[in-house]
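Please read the structure below before turning to the comments.
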Amino acid sequence: ATLPVWTLTHPGPTEQDPEPQGGVGIRFRLHKVSQTGKTFVYVEGLAQGGAAARSKQVMLNDTLVRVDGLGIGNLDQEVRQSLLRIAGPAGTWVRLGLMRKDPTGSKNDFFDVEIDLQRGVS
């Protein structure tokens, strides 16, 4: 089953949160494996000019595994909480841990990538 697409944007300042908020310009696709119940989070798109696109380090189909060193879990609620941690005060940094398929290896070869991105105002 395919779950909703999450685009990490955040509204501007509010009374409750007067500090400008920002994301990193990544659109994620959640995919739930029916046999195991696990949810995986894939990079589906990058916002032109966003932090992820400017870094040239985030690739389509990367799998999100950590946010600021914390594993994202694999249950729907854990995954959603992890995605919400990516957005934050504009100008601050977030570290994403991604798994990427090795293009030169066999179909089961993956490697881990750590990327620091500065949140911008979205």
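Any read-out appearing in this document is the output of simple, stated calculations on the displayed coordinates, not a laboratory observation. It should be emphasised that the depicted structure is a prediction, and the values quoted were computed from it without experimental measurement. Using ideal geometry, Cβ is built from the backbone for each residue, glycine included, and neighbour counts are taken over all protein chains shown.
Ranked from highest to lowest mean number of other Cβ atoms within 10 Å per residue, what is the order of the peptides 29-41, 48-60?
Working: 29-41: 14.2, 48-60: 15.8.
Answer by packing, highest mean first, reads 48-60, 29-41.
Out of the trypsin sites (Lys or Arg not before Pro) in the stretch 82-122, which ones are loop residues according to DSSP with at most 13 other C-beta atoms within 10 Å?
Sparse-neighbourhood loop trypsin sites (Lys or Arg not before Pro): 107.
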